[in-house]
1. Would you mind finding the one in B:91, B:132, B:153 that is more than 29 Å from residue B:318 (Cβ to Cβ), touching a residue at least 60 places away in the same chain (Cβ under 8 Å) and assigned to a helix (DSSP H, G or I)?
2. Kindly indicate whether any position in the range C:78-85 is within 14 Å of chain A (Cβ to nearest Cβ), in contact with a helix residue (DSSP H, G or I) (Cβ under 7 Å, 6 or more places away or on another chain) and free of Cβ contacts under 8 Å to residues at least 40 places away in the same chain.
3. Tell me yes or no: at least one residue of the range C:193-208 is of a type in the set (S, T, N, Q), surrounded by fewer than 22 Cβ atoms within 10 Å (Cβ to Cβ) and at negative phi.
4. Please determine whether any residue of the range B:247-261 is within 22 Å of the chain's Cα centre (by Cα), under 27 Å from residue B:143 (Cα atoms), hydroxyl-bearing (Ser, Thr, Tyr) and not in a helix (DSSP H, G or I).
5. Mind listing whichever residues of the range C:92-133 are touching a helix residue (DSSP H, G or I) at 6+ places or on another chain (Cβ under 9 Å), surrounded by 14 or more Cβ atoms within 10 Å (Cβ to Cβ), at the interface with another protein chain (Cβ under 7 Å from one of its Cβ atoms) and not aliphatic (A, V, I, L, M)?
6. Looking for whichever is more than 27 Å from residue C:105 (Cβ to Cβ), more than 7 Å from every other protein chain (Cβ to nearest Cβ) and either in contact (Cβ under 8 Å) with a residue 40 or more places away in the chain or among the polar types (S, T, N, Q) (or both) here; the options are A:265, A:274. Which one fits?
7. Condition first: touching a residue at least 40 places away in the same chain (Cβ under 8 Å), over 16 Å from residue B:388 (Cβ atoms) and among the polar types (S, T, N, Q). Now tell me which residues in the range B:167-226 satisfy that.
8. Would you confirm, using the coordinates I've provided, whether residue C:16 is part of a helix (DSSP H, G or I), within 25 Å of residue C:190 (Cα to Cα) and over 20 Å from the mean Cα position of the chain (by Cα)?
Amino acid sequence: MGAKQTVYQAMRQAGFSRRDFLKFCTVTAAMMGLSPALYGKVAQALETRRRPSLIWLPFQECTGCTESLTRTNSPAIGDLVLDHISLDYSETLQAASGHQAEQARAAAMKENWGQYILAIDGSVSTADGGIHTVLAGRTALDILKEAAEGAAAVVAIGSCASFGGLPAASPNPTNAKAISELIGKPVINVPGCPPIGDVITGVVTYVLTFGKLPELDDLNRPTAFYGQRIHDRCYRRPFYDKGLFARGFDDAGAKAGHCLFQMGCKGPVTYNACATMKWNQGTSWPVQSGHGCLGCSEPNFWDNGSFYAALSTGTDSTFKGIGIAAAAAAGVAAGAAMAFQARAARNKAQKGE
Amino acid sequence: MADSVTTAMNTALSKVGSKAATYLSACVHCGVCATACHYAQGSGEAKHIPIWKAELLKRQYKRRYTWLGKLRGALGLIPKTTPEMLEEWSELVFDTCSMCGRCSVVCPMGIDIPMLIRAMREGLTAAGIVPEGLKEATDRALETGSPLGATPEVFAERVAWMGDEWEQAIPVDQEGAEYLVLFSSIEIMKYPNAIGATAKILNAAGLSWTVHSKNFEGTNFGYLQGSSPKAAKMLNRVVEAAEQLKVKKVVSPECGHAYGALRWEAQNLLARDLPFTVVQIAELIDVLLSEGKIRVNREAKGGKATYHDPCQIGRRGGLFEEPRRVLHAIVPDANFSEMTENRMDNWCCGGGGGVISIPRADELRLKSFGMKKGQIEQVGAQRVVSTCSNCRLAFDSAFEHYGMKTEFVSLVELVAGNLEK
Amino acid sequence: MDLLEWVRGPWLTWSFAIFIVGLIGRLAFLYFIGHGVDRVPPKGNPTWGGTRHLVAASLYHLPNLRRTQFTYGSAALFHLGLLVIVFFFGPHLLFIHDLTGLFWPALPAPVIDGVAVVTMVTLLAVLFHRLTTPVLRLMSDTNDYIAWLLTFLPILTGYLTIHNLTPNYPLTLAIHIMSFELLLVLLPFTKLAHTGLIFVSRFLTGYEMGKRGVGVRHG
């Protein structure tokens with residue numbers, strides 16, 4: 001796979017012109033939110049830097065993140081990232097399997113020790129010594145620790161790797177944990193369930209290009225893609241501001257494209273790029289299709305109350321109905337008790353005590 | 001022997017039931033009551049705000065009735081009552097409040113502040129911390145039946161005199177009469193024409209009426225002092241007389257709180273139903289006029305007139321239109337001007353609630369009259385007609401102090417002077 | 001569970017529970033202290049008088065208006081402002097709908113915004129007035145200032161939240177909901193209990209007025 005080539009060289013070899021290469025650099029740079037002044041830097045980096053190695057480890061995942069990755073905006077970019085960087089190990093995408101695949105991985109890691117990019121999707125189970133996720137006879141925990149040691153950068157792809165995701169949702173029987181909870185190195189979280197394909201490629205490309213971590217927020221998510229709330233970029237925001245809500249999925253409001261806040265949209269508390277970049281080559285995204293945002297790029301989104309309960313409602317149902325009646329009864333009892341004590345005080349006062 | 005603080009606060013607290021407790025809890029410290037109080041407006045002093053007068057009771061209530069209050073009290077967060085406070089509050093509660101109820105009307109929470117003042121007075125009276133003047137008047141009333149020394153002998157003498165002067169028969173101790181008529185000591189001692197005028201009107205109507213030779217007093221200084229036992233004792237004298245003479249109706253004279261005590265409190269203070277109904281003299285005259293039992297002339301001339309609603313007869317008594325109907329039958333409309341802020345909004349004369357009997361309070365009382373003065377001057381009235389002799393005292397005292405030429409006219413005397421022959 | 005979920009979950013439940021226990025308890029207490037029998041025969045209709053006073057006591061006392069312009073004006077402004085914000089802002093309406101099943105049209109967010117600003121400015125003016133007017137300074141205690149704070153904070157934090165004025169939106173939203181919960185929990189034990197007590201005290205006084213056949217407006 002020609003690991004000593006630069007990306008530029010690899011592209012030329014594949015038949016892309018220099019113009020195509022520069023176009024790729026511009027698009028990539030724009031996608032990452034870099035200023036035009038830096039476009040040249042991207043080109044320079046890819047021209048001079050050695051084609052890096054990318055190891056992709058899947059753990060407790062549904063493969064949705066990898067699926068998302070293969071539906072990126074411009075196939076050229078996807079191809080470039082996948083084909084022209086060494087994707088030395090990817091269970092889903094590679095042809096090899098079994099011991100042969102494991103040997104290839106071990107070899108790639110050894111050869112590029114200290115320099116490869118480690119991408120992980122899926123959380124890691126830690127209960128019972130990690131026995132609930134085992135690949136080729138080794139626990140995921142074990143594999144992770146070894147791979148992380150030799151990685152130049154660690155990227156957690158998807159909500160499971162970033163925050164624990166579905167496996168870590170209550171009751172979390174396998175004691176699944178996020179990658180950042182298990183290794184000491186800084187982890188770039190690229191959450192989403194799944195993340196937008198172009199976001200994955202964008203982050204990976206950034207790391208490949210500049211050899212450093214992009215600017216991250218307090219949850220270690222790249223601010224280029226996770227710095228804006230869905231709510232602030234949502235095209236239905238004017239309806240929220242006007243107080244026009246869809247009250248059901250098929251009512252007049254829904255048909256008129258009103259705000260989905262009542263239908264449980266978590267847009268106001270969700271940071272992601274869905275409202276601007278959209279999905280499937282910019283085709284659509286949940287809200288545009290008439291369903292509220294699930295908040296899937298936020299931690300614990302599975303446990304944060306119903307997807308269909310509006311953000312401004314309580315999530316605990318015990319205080320409705322019987323709760324209110326019970327509280328009222330308790331109130332009457334307490335009030336009566338205090339009143340009888342007061343009457344006793346009054347009697348004492350009457351007697352002059 | 002319990003100390004004054006314990007006695008005062010215990011007695012006051014013993015009057016706090018559901019109603020007073022609600023009021024004590026409801027105050028939101030908005031300050032609107034001060035804008036409606038003639039004393040607060042007259043003096044301009046912050047401490048005269050009506051609800052502040054009940055502050056000691058509020059603190060006591062919290063400290064002893066409510067759990068949160070007990071906790072705060074234990075933590076020292078609620079000031080304890082001291083003898084000095086009792087003295088200070090005695091002045092606030094007796095000197096600077098006529099229990100007129102104007103504050104309650106404007107209170108956004110609908111707090112009946114006079115009710116709380118009553119409870120405070122009850123406590124202070126029990127501890128004997130009552131201002132000079134009021135104390136003596138009440139004691140005298142308890143012992144002799146009259147706060148001003150109108151003994152049965154004096155009353156008999158007045159009755160004879162007025163009967164002569166007005167050429168009217170005045171029945172005394174007539175068993176089986178329909179109406180028992182009471183008089184206020186202020187009338188007996190200072191404005192005895194009230195007796196003659198009343199007699200003329202009732203005789204002209206052909207009513208079966210009488211006075212009682214011993215229990216003729218309408219005023220109730222026990223009520224003014226805020227002492228329930230004393231108030232009850234004085235009420236019982238009236239009840240005894242009414243029951244003894246087997247009357248059907250008791251006529252309350254031109255006196256504010258007399259009507260209030262008799263009509264609106266008696267049954268509850270005495271914890272019994274009464275075998276008679278109570279009617280105020282102006283109310284009675286209104287009925288007599290409407291039934292054609294008496295007729296009055298429209299007066300041909302007279303100074304510009306206005307009507308003053310005595311607080312205990314109007315706002316706290318319920319009689320706004322009855323006296324006015326009588327008045328309008330006599331004074332031509334062109335000669336009459338209603339003061340702005342009348343009826344429910346009328347400003348108190350400042351003398352009610354026992355205030356006029358407290359010499360120490362004179363200065364503030366006269367200052368508070370400023371509100372009334374403004375009203376009178378605004379309509380340019382030369383005569384103020386009303387139906388309370390206590391107001392009469394206060395008005396006369398203020399007219400003199402301010403050098404006003406205005407005259408206070410008793411409604412009863414006005415009617416008697418204009419009866420059709 | 002992160003803070004926002006605690007706040008939307010159990011904390012909300014407990015806040016409501018304490019609020020209900022406290023307020024109903026306080027009303028029950030006042031009722032059970034007891035009152036004597038009323039033997040006085042009425043002239044008018046006391047029950048009607050009581051009911052009427054529930055509304056009549058809010059009416060501007062025109063004769064007194066000159067002296068009470070600021071008090072009445074500011075009180076009306078901020079109470080109405082609170083009403084509009086609480087009952088006509090979309091997300092709040094959904095909260096009420098979730099609790100009670102009731103729903104009605106919302107006002108546009110910019111309108112609510114303006115109302116919030118006016119309400120906050122009014123509340124600040126009210127505080128200033130309380131601190132500088134002699135009659136109010138004499139009477140005011142900690143209770144008054146805590147009540148002010150409990151009323152002001154939800155509006156302030158709500159404003160900050162909706163305008164995304166702080167770096168961390170979910171935290172700000174959580175703080176806003178917490179300020180409401182604090183209000184709920186402390187309401188029955190401060191002068192804010194007047195939200196419930198007002199019906200009782202107005203009715204009782206109106207009852208006495210009605211007994212005498214009079215009302216706030218001349219009877």
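1. Working: B:132 fails: assigned to a helix (DSSP H, G or I); B:153 fails: touching a residue at least 60 places away in the same chain (Cβ under 8 Å).
Result: B:91 is the single residue among B:91, B:132, B:153 that is more than 29 Å from residue B:318 (Cβ to Cβ), touching a residue at least 60 places away in the same chain (Cβ under 8 Å) and assigned to a helix (DSSP H, G or I).
2. Quick first cut of the range C:78-85, residues within 14 Å of chain A (Cβ to nearest Cβ) only: C:84-85.
Cutting the leftovers down to in contact with a helix residue (DSSP H, G or I) (Cβ under 7 Å, 6 or more places away or on another chain) gives us C:84-85.
From what is left, the residues that are free of Cβ contacts under 8 Å to residues at least 40 places away in the same chain are C:84.
Within the range C:78-85, one or more residues are within 14 Å of chain A (Cβ to nearest Cβ), in contact with a helix residue (DSSP H, G or I) (Cβ under 7 Å, 6 or more places away or on another chain) and free of Cβ contacts under 8 Å to residues at least 40 places away in the same chain.
3. From the range C:193-208, those of a type in the set (S, T, N, Q) are C:195, C:201, C:205; that's our starting set.
So of that shortlist, the ones also surrounded by fewer than 22 Cβ atoms within 10 Å (Cβ to Cβ) come out as C:195.
Keeping just the survivors that are at negative phi gives C:195.
Yes, the conditions are met somewhere in the range C:193-208.
4. Within the range B:247-261, the first condition is being within 22 Å of the chain's Cα centre (by Cα), and the residues that meet it are B:249-261.
Still in the list and also under 27 Å from residue B:143 (Cα atoms): B:249-261.
Subset that is hydroxyl-bearing (Ser, Thr, Tyr): B:252, B:259.
From what is left, the residues that are not in a helix (DSSP H, G or I) are B:252.
Yes: the range B:247-261 contains one or more residues that are within 22 Å of the chain's Cα centre (by Cα), under 27 Å from residue B:143 (Cα atoms), hydroxyl-bearing (Ser, Thr, Tyr) and not in a helix (DSSP H, G or I).
5. C:92, C:98, C:108, C:133
6. Numbers: A:265 fails: more than 27 Å from residue C:105 (Cβ to Cβ).
Matching residue, one of A:265, A:274: A:274.
7. B:174, B:213, B:215, B:225
8. Details: part of a helix (DSSP H, G or I): yes; within 25 Å of residue C:190 (Cα to Cα): yes; over 20 Å from the mean Cα position of the chain (by Cα): no.
Spelling it out, it is not the case that residue C:16 is part of a helix (DSSP H, G or I), within 25 Å of residue C:190 (Cα to Cα) and over 20 Å from the mean Cα position of the chain (by Cα).
The values are calculated or read from the model by the stated rules, or taken from the named source; none is laboratory data. Remember, it's a predicted structure, so these values are computed and weren't measured experimentally. Using ideal geometry, Cβ is built from the backbone for each residue, glycine included, and neighbour counts are taken over all protein chains shown.
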